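Asks: Have a look at this one before I ask anything.
Values quoted throughout were computed directly from the atomic coordinates according to the rules given, and no laboratory measurement underlies them. For clarity, every value in this text was computed on a predicted model and none was experimentally measured. Counting neighbours? That spans all protein chains shown, and the Cβs are built from the backbone with ideal geometry, glycine included.
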Amino acid sequence: MAAGLVAKGLGKRFPGVVALRGVDLTLLPGEVHALVGANGAGKSTLIKILSGYYPTYEGEVWVDGRPVRLVRPDLAFQNGIEVVHQEVDTALVPTLSVAENLFLERIAEGRLGGVLTPGRLLAEAGRALDELGFDLDPGARVEALSLHQKQLLVIARALLRDLRYLILDEPTAALSQLEAEHLFALVERLKEEGVGVLYISHRLAEVERLADRVTVLRAGEKVAAFERPFDLAKVVEAMLGAPAGALFPEKTPVPGAVRLLARGLARPPRVRGVDLSLRVGEVVGLTGLAGAGKTELLRLLFGADRPRAGEVVLEGRPVRFQSPTDAVRAGVYLVPEERRREGLLLDKPVRENLSLPFLEAFARALGWLDRRAERAHAEEVIRRVGLHPPDPEREVRLLSGGNQQKVVVGRWLGGRPRVLLFDEATQGVDVGAKKEIYRLVRAAAREAAVLFATSEVDEALGVADRVLVMRDGRVVAELPGDPSRRQEALALATGARA
Amino acid sequence: MKRLGDFLLRYGVLLAVAVLVVYFKYATTAFWDLDNFLDILRASSILTIVALGVTFSVVVNGFDVSVGGVVGLVVMLATALMVIWHVPWYLAALAGLAVGVVAGLFNSFLIVKLKIPDLLATLGALYLLQGMQLAITKGDAVYKGMTNPWSPDRAQATGEIPGVFLYLGQGYAFASETFRGIPVPVLVMAAVAVLAWFFLDFTRWGRAMYAVGGNPEAARLAGLPVNRYRTAAYVISATLSALAGLVLAARLGSGTVGAGRDYLLDAVAATFVGFAVLAARRPNVWGTVLGAVFVGILLNGLTMLNMPFYIQDIVKGLVLIAALGISYAIRREGE
């Protein structure tokens with residue numbers, strides 16, 4: 001068989017979920033092959049299989065004609081495969097120098113001898129980096145490097161041990177424009193040297209510029225493949241799939257007065273100057289790719305981070321939240337992105353999770369908590385959000401993902417919200433729970449201004465009355481909440497259209 | 001097998017206490033006696049108060065190892081104020097408590113503001129406090145009729161520790177003709193335990209502290225002032241240690257160099273034994289009390305068996321390791 005990294009019928013199942021099914025993929029030496037797909041399409045699972053992360057998987061892999069089982073990370077290295085993860089830090093030791101990280105494996109295997117003088121190590125690393133043409137200071141400590149420099153270091157280390165297939169996972173997600181250009185040049189160079197590059201990115205503009213071929217994943221399956229020259233509109237269509245059915249509730253917006261106003265809100269690099277206004281009675285969607293700055297924008301509005309510039313006006317009065325404590329007191333609430341880490345006390349009953357921000361309201365003399373009032377409140381919220389099972393004393397960790405999310409949403413609904421901020425509120429919940437969360441979001445808009453952030457454009461268009469599209473820290477467009485505008489929205493979010 | 005494991009995790013500590021009591025009853029002559037039990041409680045009372053303080057720091061997912069230093073400093077300061085400087089007992093006591101508040105604020109400054117890991121920050125504070133303890137008297141012990149270390153002509157110190165103050169450590173309440181009475185330190189311990197229990201389990205502040213310890217980020221995003229609660233926990237921890245120091249000073253009737261040193265490890269052991277009581281999986285007041293009494297019974301029984309003193313440390317070490325083993329095993333199961 002010919003040269004190349006060839007995968008046939010790759011698949012991976014987890015209890016209750018098929019993350020990847022029957023995917024064929026070929027990566028030839030000297031090509032850039034782009035892998036695209038929406039969140040949850042199976043890109044990460046595919047990369048993890050190729051990097052030897054899983055001890056078991058379905059399907060077969062050949063490297064240059066030889067069958068291999070990539071069941072351990074070192075087997076991937078030995079076959080010339082290197083993955084540069086989005087969180088590149090995981091592959092490096094932050095407290096050691098560039099030189100030490102560069103030769104980490106050789107040091108571990110004793111191939112540089114037992115005695116390592118720092119001088120010799122630095123000299124050898126300097127020589128190696130020069131040969132590769134990488135501009136890195138061998139004596140610098142890795143923790144002081146920028147993300148891009150860390151990427152370079154990982155790639156350099158791979159080149160030192162016969163790199164033939166390089167997998168880049170969202171490599172530009174946190175890079176500046178200049179650094180991204182530098183990375184593109186490097187990818188071109190590696191390609192000329194015969195390295196096969198599998199390039200994973202949400203950013204279709206990059207894909208168009210670099211890729212020779214594109215493979216599209218959706219819901220764990222390969223749904224399309226394109227050769228250059230390709231039509232980006234078709235790629236977008238393949239990523240989206242057929243429009244979802246009656247998942248979304250009816251919209252009956254009754255926009256009232258402006259509740260929250262932001263002007264020039266900025267905290268570089270993730271938020272670079274955002275204006276928005278939210279009215280009571282409407283749901284405003286906020287969409288964009290992962291890393292576009294949605295989460296960071298919400299955190300600024302909530303006082304979890306402080307803006308470097310700009311102002312926030314709540315009901316006509318400028319506010320400057322020093323912490324979430326101030327925001328909560330003003331009735332501005334956030335449903336955070338990672339509910340288990342940021343939202344819930346998993347070991348505590350539903351009742352305690354629901355009352356957490358409003359303990360003061362249940363406290364009597366001497367700070368004594370009135371548990372009966374607390375429980376009555378919990379029961380009311382549970383009814384309202386349709387929690388299953390409807391038991392206020394159940395520990396939250398025992399609930400399903402969708403019901404856990406209902407606890408987080410219900411907590412804020414029960415507290416007379418003025419402004420409600422949702423961050424990826426339906427992540428990791430099943431379709432039934434999604435529907436109910438959409439219903440709650442719409443219902444919340446009756447008394448509050450609602451900003452609903454999601455990286456799924458269909459969801460944003462389906463739930464919201466109008467949708468702001470964010471890219472690279474800015475709001476680049478506003479669309480009406482019309483599901484038929486999905487291609488336009490995705491094109492704007494990915495930069496396929498300015 | 002799994003069932004047995006669950007049973008041991010849940011009732012292990014209670015079982016251990018029961019086994020100890022039965023064993024000591026038959027192995028010694030004086031153990032099974034109401035007065036001896038009250039003695040055990042009295043001996044455990046100071047430890048319990050310190051351990052309840054440590055419990056507060058553990059509730060907010062921190063750790064306070066400076067408690068032993070606070071106890072020692074307060075013993076020295078309170079007695080020296082009375083004996084050397086003739087300060088009235090109530091002002092000396094207030095000064096002792098103030099030391100606790102300041103030490104707690106200092107600890108939380110290191111941990112919350114400077115973001116030094118709690119274990120290391122309070123370890124530093126521990127050394128500092130131990131040094132200050134010695135500095136008060138230039139390293140001398142405090143007792144009635146001691147030489148005043150600060151007097152240029154080495155005059156005798158003429159102050160004394162009044163009986164009112166000593167009552168706190170040596171007195172008995174509710175005495176009758178047939179009953180010696182309940183030792184006052186035991187009453188102090190009971191009062192502290194009930195207050196701590198009320199605070200942690202029944203007030204909004206206690207609830208918030210558990211939330212801060214359970215998931216700081218979630219607590220912050222729910223609008224709780226996380227740093228303020230952490231600060232409060234360290235202040236309570238050190239202030240309870242200061243109270244324990246006052247009781248110890250009254251019990252000893254003098255200021256002994258090195259007093260309070262043992263309490264640190266015993267208090268940690270008690271707190272972590274408390275984790276395991278009834279598989280609570282979290283620091284809790286009655287668990288800590290039981291843990292402290294458990295350590296007290298152990299030490300009392302070993303003394304009655306005429307075990308050499310060094311056996312005590314070995315046994316304490318084993319108990320601490322066993323308690324940690326159990327509580328971490330429970331934590332893992334929770335994940």
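Asks: Explain nothing, just the number: relative contact order of chain A, from Cα pairs under 8 Å at least 6 residues apart, as a whole percent. Don't skip to the end; give the middle numbers.
Replies: Values: 982 pairs, mean separation 76.9, N = 498.
The value is 15 percent.
Asks: Got a sec? Charge dipole of the protein assembly as shown, +1 on Cβ for Lys and Arg, -1 for Asp and Glu; which of B:ILE311, A:GLY194, A:VAL71 is way out at the positive end?
Replies: Positive-most Cα among the choices belongs to B:ILE311.
Asks: Under a point-charge model restricted to the Cβ atoms of Lys and Arg (+1) and Asp and Glu (-1), what is the dipole moment magnitude of chain B relative to its Cα centre, in debye to the nearest 20?
Replies: Magnitude of the dipole: close to 800 debye.
Asks: If you rank B:PHE309, A:PHE302 by fewest surrounding Cβ atoms within 10 Å, what's the result? It would help to have the intermediate numbers written out before the result.
Replies: Details: B:PHE309 8, A:PHE302 24.
Lowest to highest Cβ neighbour count: B:PHE309, A:PHE302.
Asks: Lys and Arg at +1, Asp and Glu at -1: add these up for the other residues within a Cβ distance under 14 Å of A:GLY285 and post the number.
Replies: Neighbour charge sum, excluding A:GLY285 itself: -3.
Asks: Distance cut-off 29 Å, Cα to Cα: go down the list A:LYS406/B:LYS115; A:LYS150/A:LYS191; B:LYS115/B:LYS316; A:LYS434/B:LYS113; A:LYS150/A:LYS348 and report the pairs above it.
Replies: Pairs exceeding the cut-off: A:LYS406/B:LYS115; B:LYS115/B:LYS316; A:LYS434/B:LYS113; A:LYS150/A:LYS348.
Asks: Compare the Cα positions of A:VAL98, A:LEU260, A:THR454 along the charge dipole of chain A (+1 at Cβ of Lys, Arg; -1 at Cβ of Asp, Glu; about the Cα centre) and return the one farthest towards the positive end.
Replies: Of the listed residues, the answer is A:LEU260.
Asks: OK, next. If you add up the charges near B:ASN36, with Lys and Arg at +1 and Asp and Glu at -1, over every other residue whose beta carbon is less than 14 angstrom from its beta carbon, what do you get?
Replies: Charge balance near B:ASN36 sits at 0.
Asks: Using a Gaussian network model on chain B with a 10 Å cutoff between Cα atoms, which of B:VAL212, B:VAL74, B:VAL102 fluctuates the most?
Replies: Of B:VAL212, B:VAL74, B:VAL102, the Gaussian network model singles out B:VAL102 as fluctuating most.
Asks: When the dipole is taken about the Cα centre of region A:5-240, and only Lys, Arg (+1) and Asp, Glu (-1) are charged at their Cβ, what size is it in debye, to the nearest 20?
Replies: Working: 27 positive and 33 negative charges, 159 e Å.
Dipole of region A:5-240, to the nearest 20 debye: 760 debye.
Asks: Report the net charge of residues surrounding A:ALA7, where surrounding means a beta-carbon distance below 9 angstrom and charges are Lys +1, Arg +1, Asp -1, Glu -1. Could you put the intermediate results ahead of the total?
Replies: Values: positive: A:LYS8; negative: A:ASP24, A:GLU60.
It works out to a net charge of -1.
Asks: Another question about this same structure. Rank these for me by crowding, B:ARG207, A:ARG320, B:ARG251, going from fewest to most other beta carbons within 10 Å.
Replies: Ascending number of Cβ neighbours within 10 Å: A:ARG320, B:ARG251, B:ARG207.
Asks: Fewest Cβ neighbours within 10 Å first, please rank A:VAL467, B:VAL315, A:VAL475, B:VAL67 accordingly.
Replies: Going from sparsest to densest Cβ surroundings: B:VAL315, A:VAL475, A:VAL467, B:VAL67.
Asks: Per-residue Cβ counts within 10 Å, from other chains only, averaged over A:351-358: what number is that? Before the final figure, lay out each step's value.
Replies: Values: counts 0, 4, 3, 0, 3, 10, 6, 3.
What the average comes to for A:351-358 is 4.
Asks: Oh, and also: Which far-off residues, 5 or more places away or on another chain, put their amide H under 5 Å from the one on B:VAL65, with H placed in the peptide plane?
Replies: B:THR122, B:LEU123
Asks: Please check: in the Gaussian network model of chain B (C-alpha springs, under 10 Å), which one of B:SER241, B:SER66, B:SER254 has the largest mean-square fluctuation.
Replies: Between B:SER241, B:SER66, B:SER254, it is B:SER254 that shows the largest mean-square fluctuation.
Asks: Quote the relative contact order of region B:49-261 in percent (integer), defining contacts as alpha-carbon pairs under 8 Å separated by 6+ residues.
Replies: Answer for region B:49-261 is 42 percent.
Asks: Another question, then. Which of B:ASN284, B:ASN36, B:ASN306 ends up with the largest GNM mean-square fluctuation for chain B, with Cα atoms connected below 10 Å?
Replies: Maximum fluctuation in the GNM of chain B, among the listed residues, is at B:ASN306.
Asks: Tabulate in residue order the Karplus-calculated ³J(HN,Hα) for region B:13-25, using 6.51 cos²θ - 1.76 cosθ + 1.60 with θ = phi - 60°, rounded to whole Hz; enter x for Gly and Pro.
Replies: Using θ = phi - 60°, the values come out as 5, 4, 4, 4, 4, 4, 4, 4, 4, 4, 5, 5, 4 Hz.
Asks: Where a Cα-Cα gap under 25 Å defines reach, which lysines qualify for A:LYS234, not counting those fewer than 8 residues away within the same chain?
Replies: A:LYS8, A:LYS43, A:LYS222
Asks: Normalised by the residues of region A:5-240, what does the relative contact order come to in percent, with Cα pairs under 8 Å and at least six apart? Display every interim value, and only then the final one.
Replies: Working: 412 pairs, mean separation 72.0, N = 236.
In percent, rounded to a whole number, it is 31.
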